[in-house]
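A.B. asks: Dumping the structure here so I can ask a few things about it.
The values are calculated or read from the model by the stated rules, or taken from the named source; none is laboratory data. What you see is a predicted model, and the numbers here were worked out from it, not measured in a lab. A quick note on method: Cβ atoms are made from the backbone with ideal geometry, for glycine too, and the neighbour counts reach across all protein chains shown. Side chains included, ligands, DNA and RNA excluded: accessible areas come from the protein's heavy atoms. Shrake-Rupley method; radii C 1.70, N 1.55, O 1.52, S 1.80 Å.
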There are 2 protein chains.
Amino acid sequence: MIEIFFIGTGASVPTKERGLPCIVLRRKGELLMFDCGEGSQRSFLLHGFGVNRPMKIFITHMHGDHVLGVLGLIQSMGLLGRKRPLEIYGPRGLEELIETVERTVPFHHEYEVRIHEVKEGVVCETDEYVIKAILADHVIPNYAYVFEEKPRPGRFHPERALALGVPQGPLWSRLQKGEPVVVKGRVIRPEEVLGPPRKGLKIVYSGDTRPCRALVEASMNADVLIHDSTLLDNLREKALEDGHSTARLAAEVAKKARVRLLVLFHISARYVGMEHLLVNEARQVMENVIVPIDGQKLELKYES
Amino acid sequence: MIEIFFIGTGASVPTKERGLPCIVLRRKGELLMFDCGEGSQRSFLLHGFGVNRPMKIFITHMHGDHVLGVLGLIQSMGLLGRKRPLEIYGPRGLEELIETVERTVPFHHEYEVRIHEVKEGVVCETDEYVIKAILADHVIPNYAYVFEEKPRPGRFHPERALALGVPQGPLWSRLQKGEPVVVKGRVIRPEEVLGPPRKGLKIVYSGDTRPCRALVEASMNADVLIHDSTLLDNLREKALEDGHSTARLAAEVAKKARVRLLVLFHISARYVGMEHLLVNEARQVMENVIVPIDGQKLELKYES
């Protein structure tokens, strides 16, 4: 399971209802944070995620409402005793910003902050997932991030293992992880006891963007697309001029990409209490759409 | 009247109950902000002060919880249409910090941001008040700010004006403002129709500090002293080691300085729901003590 926490879902300026953009994916104890607007540390701490988890932060672009919160978060995690390194990915300028703050706002933290300025392509890869950056279409360079799990080994069939003479116990675990084992001098390959590999989850976060083809292609068949939906379509011209999307335009991207769930995000302060208008507009294009409120959580489960 | 708004009253790390340090004085439509921890812009905007008021910001020291909020506030005020210049006073490093952010986090605001790096002494003076910085005693340079109104002209006595042949009208206004007027060729001096000059209000904000003599001297006879009171006195050693004060130590400073009201400020997260312990401790030293909660307002009226 992957949990998506919507820490802050607003646009540009915080309101009583919506903080500045910040999303946290929690997966097997690791935290992946996307954008970190001012004030995110407070909500982050109140969520009780823990300050010493394996954690990576991905910044889409160098606008204040998406990046300034990372400065205080770094310091508070240090004060609260973080020991593990913190990996931060983002556009050019991020390293200078953080380094200047570490110099002019002196504060000793024991853990290491590792800053990675990204380009298009794979920005981070583990055994289990890969995260790619693609250039979306905003008024300054904005990287959308595509999180995609690698296929997991197929379902384990105990009856096949027993038939091949593999006794229940540690050898089963190794086969379940996709490793071959040796029983009585014979190599048993995982394919002999596992079903077909299972698809992992794919989640895309657009940051601030106009609708764009790169994002349609990168989001193909995603389980979730979290897309800029700053305005309603009656303000389409303004949205596009400012480098943003409307609910309808976001839905068109999601539909073209055959996304399973569209999350409308980066909601202008003018729609407080009128979020249903955004959802209704998007649903004229595709059915499966939500507008989360701050603090809302989405659980993504694997297909059985 | 001067209003003091306690925007954020916590220490180091924000909690559900207390944001990071930020205080706003409102006086005749002008806003004077002292410290601006992360998240202050959100509370500032929710207070509805207006984004285009004459405004000055005073930063006590370059620790993240006191200064990082100024970065987002500058941008949001621009987005919301500020036109007037914004004056920001603070220690060395402030200019480099703000300039780096303006360069790496590109954002155009129409209004001018004027940064003044301060030293001890008068940092700002108008016809009606003066603000001085004094070095308090923290682990890095921390300026306490002393706001003091100049004496106001004394009470106007209409019967004296009439006796001197000054007719009711614009001439009275000029005398009330302390200007001489001419009636039938004779100069009437304001002293002839006014009582003795009236004392203005004096408010001192310590920022983060151990108790120190400089602050006692600077706070002499202040109406309000807002003083670091991070911990209770059973943790005095820790407080002093970290450059802070306890409630008792703050009260001793206030008592020596014959302050009228002591405001305990910069409260550690460990005292949620136990603020009365801080007040009780301070009241063993002096009576007039409060611990404001976030959002609380204090009205200071002139003596009649």
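A.B. asks: Only residues that are touching a Phe, Trp or Tyr at 6+ places or on another chain (Cβ under 8 Å) and assigned to a loop (DSSP other than H, G, I, E, B): list them for segment A:1-11, please.
C.D. replies: A:Met1, A:Thr9
A.B. asks: Among the strands (runs of 3 or more DSSP E) confined wholly to segment A:117-215, which include 1 or more residues that are modelled with pLDDT of 95 or more and closer than 30 Å to A:Gly10 by Cα?
C.D. replies: Values: elements: A:121-125, A:129-135, A:143-149, A:181-183, A:186-188, A:202-205.
Output list reads A:121-125, A:129-135, A:143-149, A:202-205.
A.B. asks: With the structure loaded, tell me whether A:Glu237 is surrounded by 15 or more Cβ atoms within 10 Å (Cβ to Cβ), free of Cβ contacts under 8 Å to residues at least 60 places away in the same chain and among the acidic types (Asp, Glu) or whether it fails that test. Break it down stepwise before answering.
C.D. replies: Working: surrounded by 15 or more Cβ atoms within 10 Å (Cβ to Cβ): no; free of Cβ contacts under 8 Å to residues at least 60 places away in the same chain: yes; among the acidic types (Asp, Glu): yes.
It is false that A:Glu237 is surrounded by 15 or more Cβ atoms within 10 Å (Cβ to Cβ), free of Cβ contacts under 8 Å to residues at least 60 places away in the same chain and among the acidic types (Asp, Glu).
A.B. asks: For segment A:94-113, give me each residue that is surrounded by fewer than 24 Cβ atoms within 10 Å (Cβ to Cβ) and assigned to a helix (DSSP H, G or I).
C.D. replies: Within segment A:94-113, the subset surrounded by fewer than 24 Cβ atoms within 10 Å (Cβ to Cβ) is A:94-96, A:98-100, A:102-113.
Those that are surrounded by fewer than 24 Cβ atoms within 10 Å (Cβ to Cβ) and assigned to a helix (DSSP H, G or I): A:Leu94, A:Glu95, A:Glu96, A:Ile98, A:Glu99, A:Thr100, A:Glu102, A:Arg103, A:Thr104.
A.B. asks: Does B:Pro170 satisfy the condition of being open to solvent by 80 Å² or more (accessible area, probe 1.4 Å) and more than 21 Å from B:Glu192 (Cβ to Cβ)? Lay out the reasoning, then the answer.
C.D. replies: Values: open to solvent by 80 Å² or more (accessible area, probe 1.4 Å): yes; more than 21 Å from B:Glu192 (Cβ to Cβ): no.
Answer is no for this residue.
A.B. asks: A follow-up question, please. I'd like the full set of residues that are in contact with a His (Cβ under 9 Å, 6 or more places away or on another chain), among the aliphatic types (A, V, I, L, M) and assigned to a loop (DSSP other than H, G, I, E, B), limited to segment A:260-304.
C.D. replies: The answer is A:Val291, and nothing else.
A.B. asks: Another question, then. Could you say which residue among A:Leu80, A:Leu97, A:Leu73 is within 10 Å of chain B (Cβ to nearest Cβ) and within 20 Å of the chain's Cα centre (by Cα)?
C.D. replies: Numbers: A:Leu80 fails: within 20 Å of the chain's Cα centre (by Cα); A:Leu97 fails: within 20 Å of the chain's Cα centre (by Cα).
Exactly one of A:Leu80, A:Leu97, A:Leu73 is within 10 Å of chain B (Cβ to nearest Cβ) and within 20 Å of the chain's Cα centre (by Cα), namely A:Leu73.
A.B. asks: Just to be sure before I move on: is A:Val130 in the same structural domain as A:Lys56 (by TED's automatic domain parsing), closer than 30 Å to A:Asp223 by Cα and hydrophobic (A, V, I, L, M, F, W, C) in the structure I sent? Explain how you work it out, then say what you get.
C.D. replies: Values: in the same structural domain as A:Lys56 (by TED's automatic domain parsing): yes; closer than 30 Å to A:Asp223 by Cα: yes; hydrophobic (A, V, I, L, M, F, W, C): yes.
Yes; evaluated as a whole, the condition is true for this residue.
A.B. asks: Moving on. Scanning segment A:21-58 for residues that are touching a residue at least 60 places away in the same chain (Cβ under 8 Å) and in contact with a helix residue (DSSP H, G or I) (Cβ under 8 Å, 6 or more places away or on another chain), which turns out surrounded by the fewest Cβ atoms within 10 Å (Cβ to Cβ)?
C.D. replies: Going through the qualifying residues, I end up with A:Asp35.
A.B. asks: Given the options A:Arg155, A:Arg103, A:Arg92, name the one that is away from every other protein chain (no Cβ under 14 Å) and of a type outside the set (Ser, Thr, Tyr). Let's see the steps before the verdict.
C.D. replies: Details: A:Arg103 fails: away from every other protein chain (no Cβ under 14 Å); A:Arg92 fails: away from every other protein chain (no Cβ under 14 Å).
A:Arg155 is the lone residue from the list that is away from every other protein chain (no Cβ under 14 Å) and of a type outside the set (Ser, Thr, Tyr).
This table checks each residue for (1) of a type in the set (Ser, Thr, Tyr); (2) in contact (Cβ under 8 Å) with a residue 60 or more places away in the chain; (3) open to solvent by less than 50 Å² (accessible area, probe 1.4 Å).
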residue: A:Glu275; (1), (2), (3): no, no, yes
residue: A:Leu278; (1), (2), (3): no, no, yes
residue: A:Glu281; (1), (2), (3): no, no, yes
residue: A:Met286; (1), (2), (3): no, no, yes
residue: A:Pro292; (1), (2), (3): no, yes, yes
residue: A:Gly295; (1), (2), (3): no, yes, yes
residue: A:Lys301; (1), (2), (3): no, yes, no
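A.B. asks: Identify, please: which residue in segment B:37-70 is hydroxyl-bearing (Ser, Thr, Tyr) and within 26 Å of B:Asp137 (Cα to Cα) and is, among those, farthest from the other protein chains (Cβ to nearest Cβ)? Please lay out each step first, then the result.
C.D. replies: Of the residues in segment B:37-70, the ones hydroxyl-bearing (Ser, Thr, Tyr) are B:40, B:43, B:60.
Subsequent filtering for residues that are within 26 Å of B:Asp137 (Cα to Cα) retains B:40, B:60.
Values: B:Ser40: 9, B:Thr60: 13 Å.
Across segment B:37-70, the extreme among qualifying residues is B:Thr60.
A.B. asks: (1) among the aromatic types (Phe, Trp, Tyr); (2) surrounded by 15 or more Cβ atoms within 10 Å (Cβ to Cβ); (3) modelled with pLDDT under 95: which one isn't true of B:Phe265, the others all being true?
C.D. replies: Here B:Phe265 clears every test but (3).
A.B. asks: Evaluate the following for A:Asp65: is it farther than 24 Å from B:Leu20 by Cα and out of contact with any strand residue (DSSP E or B) (no Cβ under 7 Å at 6 or more places or on another chain)?
C.D. replies: Working: farther than 24 Å from B:Leu20 by Cα: no; out of contact with any strand residue (DSSP E or B) (no Cβ under 7 Å at 6 or more places or on another chain): yes.
No: the conditions fail for A:Asp65.
A.B. asks: Is there any pair with a first residue in segment B:74-88 that is of a type in the set (D, E, K, R) and a second that is open to solvent by 30 Å² or more (accessible area, probe 1.4 Å) and not in a loop (DSSP other than H, G, I, E, B) whose Cβ atoms are under 8 Å apart and which are 6 or more apart or on different chains, and what are they?
C.D. replies: Note: pairs meeting the criteria are B:Glu87/B:Arg114; B:Glu87/B:His116.
Listed here are the residues, each with its yes/no results for (1) of a type in the set (Asp, Glu); (2) open to solvent by 30 Å² or more (accessible area, probe 1.4 Å).
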residue	(1), (2)
A:Ile88	no, no
A:Arg92	no, yes
A:Ile115	no, yes
A:Leu135	no, yes
A:His138	no, no
A:Val146	no, no
A:Glu159	yes, yes
A:Glu179	yes, yes
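A.B. asks: From the list A:Leu235, A:Leu249, A:Leu264, which residue is more than 29 Å from A:Gly200 (Cβ to Cβ) and in the same structural domain as A:Asp208 (by TED's automatic domain parsing)? Break it down into steps so the answer makes sense when it comes.
C.D. replies: On the way: A:Leu249 fails: more than 29 Å from A:Gly200 (Cβ to Cβ); A:Leu264 fails: more than 29 Å from A:Gly200 (Cβ to Cβ).
Matching residue, one of A:Leu235, A:Leu249, A:Leu264: A:Leu235.
A.B. asks: Moving on to the next point. Quick one: in segment A:7-20, of everything that is more than 10 Å from every other protein chain (Cβ to nearest Cβ) and more than 19 Å from A:Ser245 (Cα to Cα), which residue is surrounded by the fewest Cβ atoms within 10 Å (Cβ to Cβ)?
C.D. replies: Filtering first and then ranking leaves A:Glu17.
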